[in-house]
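Visitor: One structure coming up, written as structure tokens, with questions to follow.
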């Protein structure tokens with residue numbers, strides 16, 4: 001019982017170690033990806049009659065902190081403050097990296113890059129193909145940001161609030177790029193490894209409880225066996241006492257009979273012999 005329990009525990013520990021190693025490998029692989037791919041989930045250009053909307057989605061929640069220039073120009077810089085800690089090392093600055101744009105053929109945007117500084121602040125650099133007026137707005141979900149600007153040849157004043165539908169509580173933001181991305185793979189693997197360790201510890205605890213119960217039952221059976229053997233010995237002693245007691249009672253009777261016979265023989269031997277015999 002102890003040997004099988006030890007082997008099972010060793011197998012569980014080996015499995016947990018393998019899961020944790022796999023999680024570490026996934027984390028290393030995730031860190032090896034470009035920083036822009038780890039932060040930016042996607043970018044898309046939506047076109048209406050007079051305006052275009054560039055929507056950028058994030059893997060992590062980020063708070064809009066401002067943009068320059070304020071109203072228009074050939075380039076736009078948007079500052080974002082991540083709500084959670086990013087999986088980047090603030091001590092090693094990450095260079096600016098390009099972000100692919102879906103429906104880039106619609107025109108209006110030449111490039112979109114992401115820059116990360118040592119304070120973990122994110123800067124989105126948008127370069128337009130001409131000087132435009134723009135409007136920047138972030139939804140309440142903090143996982144996207146939208147920039148509205150007029151189409152070539154249009155003089156319309158484009159507002160994000162007029163072009164993008166309000167977020168739905170069940171379907172998420174409508175028309176604002178991709179839905180919220182799933183959890184990173186390494187977090188899922190770490191959660192699975194943690195659950196496996198907890199499950200293995202629970203199984204080990206149950207095995208220990210079963211082992212203790214089995215040992216207690218075996219000890220009780222051994223104690224009952226010893227008591228039964230003692231009862232058998234007591235019964236044999238009682239039978240021997242009865243047998244010896246009966247024989248002791250017969251000895252005085254036999255002694256009295258022998259004395260009577262001896263006395264009778266002595267009396268007969270002392271009588272005088274008859275005359276003329």
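Read-outs: derived from the displayed coordinates by stated rules, not from any lab. Since we're looking at a predicted model, the values are computed, not measured. No Cβ is skipped: glycine too gets one built from the backbone with ideal geometry, and neighbour counts run over all protein chains shown.
Visitor: Can you give the FRET efficiency for residue 120 and residue 47, using 1/(1 + (r/R0)^6), R0 = 30 Å, r = Cβ-Cβ distance, to the nearest 0.05?
Guide: So, using R0 = 30 Å, E works out to roughly 0.35.
Visitor: Sorting 44, 110 on the 10 Å Cβ count, fewest up front, what's the list?
Guide: Least to most surrounded, the residues fall as 110, 44.
Visitor: Obtain the nm distance between the two label points defined at residue 236 and residue 191 by a simple spin-label model: each point lies 7 Å from its Cα along the Cα-to-C-beta direction.
Guide: Roughly 7.0 nm, to one decimal.
Visitor: Please arrange 243, 80 by counting, for each residue, the other beta carbons lying within 10 Å of its beta carbon, fewest first.
Guide: The order, fewest Cβ neighbours first, is 243, 80.
Visitor: Separation between the residue 111 and residue 266 pseudo-spin-labels, each 7 Å from Cα along Cα→Cβ, expressed in nm?
Guide: Computed distance between label sites residue 111 and residue 266 equals 14.7 nm.
Visitor: Once the piece of chain linking residue 216 and residue 244 is laid out straight, how much longer is it, given 0.36 nm per residue of separation minus the C-alpha distance between them?
Guide: Taking residue 216 through residue 244 to full extension adds about 5.9 nm, to one decimal.
Visitor: Taking R0 as 30 Å, what FRET efficiency do you get between residue 142 and residue 198 from their Cβ-Cβ distance, rounded to the nearest 0.05?
Guide: 0.40
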